[in-house]
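Data block below; observations after.
Since every read-out is calculated from the coordinates, none of them should be taken as a lab result. The structure displayed is predicted, hence computed values, not measured ones. Neighbour counts are summed over all protein chains in view; Cβ atoms, including those assigned to glycine, are modelled from backbone coordinates with ideal geometry.
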Amino acid sequence: MAEKIANSKKKRTGTNAFWNWTRCLAKIAVVIFVLLVLTGVLYQAIASTRDMKRYPPPGRLVDVGGYRLHINSTGEGAPTVILDAGVCDYSLHWCLVQPEVAKFTRVCSYDRAGLGWSDAAPPPRTSKKIVRELHTLLEKAEIPGPYVLVGHSFGGYNVRLFAHKYPEEVAGLVLVDAAHENQWPRLPWSVRRLYEQWTRYMKSRRFWSPLGVNRLFNRTGVDPKLPENLQATDRALRLRTRYMSTLHNEWSEINGESAVQLRAATTLPQVLMMVLTAEKHGDEPPPGVSEEDFAKWNALLYEVQAELASRCKDSVHIKVANSTHTIPLDQPAAVIESIRKVVMAAREQRPLRTQE
């Protein structure tokens, strides 16, 4: 009996020792995990601060109500041209367009909140909120209208909503391969699946960004079409924590609340309008998208942008040859010339079509 009791005590002692070691190892693992997280957060913060000192904003930061937006104004003359970039882009991506436009009028590129050099702003990042921020920015920066609004991709949402809300301040529109609020349900299945993959990619990058993982493994989407001397700046701006968070927030609303807002804004002021559509959405079908669906995708984009062109009587719709979706970098001359035509027609108060 005594021997059984002794064996039982030994088993309990052994079991207790095992669990004590297990708890000890678990505590060590937690401590290591916390240290790794803190190290990653610190690494991201220090590196981001260093990058912003190395690549200062070319324009100025203007407070729009508790956070600042970056705006870069160059050139002189009226009407003033306002450039709004695509969903993952910012003022840097007008680098081939803005200097040439500045030769014949005043032109401003800006960064939506959370992108480029601008401060982050609370979600949601919908077109309605973006338009309100842009209007405040132009007022605070003392940049008076009338404006010629130029929107690429998602920027096309924003400039159309701006024109709808503030029609008296708009002299013209230039839509550069602009997104259409009704294109999403009509996309081929494989393209919708591709968009879902992009959404998962953004979620992943948004999660890892504050921990410095994207920076450590150089997980950025630096645009290879940018001039080589600007790619380091682009990389630094894309590696900021606010960038990936904002990108996901904007992207999530394009086929959501932003699309709803654009469907409600059914009218445009009857202003001068140029609509530029890329010859093809990319150089080749993305992985998982068939040639047939790729062709349908391109045809759909041309169709919906032709519909946009029909909303203004004095409009011109052009297919830009040898260009993908990134027309401002592929064929900047086409964008510059379209802006020039609208500016000159507005300045001389004559129809746009007389130049064709």
Problem set entry | Within the range 80-181, GluC sites (Glu not before Pro) in DSSP loop having at most 14 other beta-carbon neighbours inside 10 Å | Glu142
Seminar exercise, completed: For Val320, the residues 5 or more places away or on another chain with a placed amide H closer than 5 Å to its own amide H are Thr277, Ala278, Glu279
Problem set entry | Distance histogram in 10 Å bins (all Cα pairs of the range 166-220, percent per bin) | 18, 27, 24, 25, 6
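Out of all DSSP beta bridges in the chain, what portion is antiparallel? Express it as a percent rounded to 5.
Values: 8 of 33 bridges.
Expressed as a percentage, antiparallel bridges in the chain total about 25.
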Exercise. Taking square-rooted eigenvalues a ≥ b ≥ c of the alpha carbon gyration tensor, is the range 222-350 rounded, prolate or oblate, where a/c under 1.5 means rounded and, failing that, a/b exceeding b/c means prolate?
Worked result: rounded
For this session: Quick one: order Phe207, Phe104 by neighbouring beta-carbon count within 10 Å, fewest to most.
Result: Phe207, Phe104
Problem set entry | Approximate shape of the range 57-168 as ellipsoid semi-axes (Cα gyration tensor, √5λ), whole Å, largest first | 19, 15, 14
Seminar exercise, completed: the range 226-356: relative contact order from alpha carbon pairs under 8 Å, six or more residues apart, as a whole percent, is 28
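Based solely on its DSSP helices, what 222 nm [θ] is calculated for the chain when runs of n ≥ 4 H residues each add -39,500 (n - 2.57) and the sum is averaged over all residues, nearest 500 deg cm²/dmol? The partial results should precede the final answer.
Working: 12 runs with 177 residues, N = 356.
Counting only the DSSP helices, I get -16000 deg cm²/dmol.
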Exercise. With each pseudo-label sitting 7 Å past Cα toward Cβ, what's the Val260-His135 distance in nm, one decimal?
Worked result: 2.0
For this session: Excluding Tyr195 itself, calculate the net charge of residues whose Cβ lies under 14 Å from the Cβ of Tyr195, where each Lys or Arg counts +1 and each Asp or Glu counts -1.
Result: +1
Problem set entry | Hypothetical label at Arg200: residues of the range 274-295 whose amide nitrogen lies under 18 Å (7 Å Cα-Cβ projection) | 286-290
For this session: Could you tell me which label, among (1) 25.7, 111; (2) 20.3, 63; (3) 23.2, 84, carries the value of Rg and Dmax of the Cα atoms in Å calculated for this structure?
Result: (1)
Exercise. If you take the beta carbon distance between Glu284 and Gln231 as r and set R0 to 25 Å, what does 1/(1 + (r/R0)^6) give as a FRET efficiency, to the nearest 0.05?
Worked result: 0.65
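Given 20 °C and 1.002 mPa s, compute D for the range 117-264 with the Stokes-Einstein relation, Rh being the Kirkwood radius over Cα pairs; round to the nearest whole µm²/s.
Translational D for this selection: 126 µm²/s.
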Seminar exercise, completed: Proxy exposure order for His164, His248 (fewest C-beta within 10 Å first) is His164, His248
Problem set entry | Ranked list, fewest to most other Cβ atoms within 10 Å of each Cβ, for Tyr110, Tyr195, Tyr90 | Tyr195, Tyr90, Tyr110
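Sort the following peptides by mean Cβ neighbour count (other Cβ atoms within 10 Å, averaged over residues), highest first: 154-162, 26-34.
Details: 154-162: 26.6, 26-34: 10.0.
Ranking the peptides 154-162, 26-34 by packing returns 154-162, 26-34.
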Seminar exercise, completed: Relative contact order of the chain (C-alpha contacts under 8 Å, at least 6 apart) in percent is 19
For this session: Report the relative contact order of the range 172-250, percent, no decimals, based on alpha-carbon pairs under 8 angstrom and at least 6 residues apart.
Result: 29
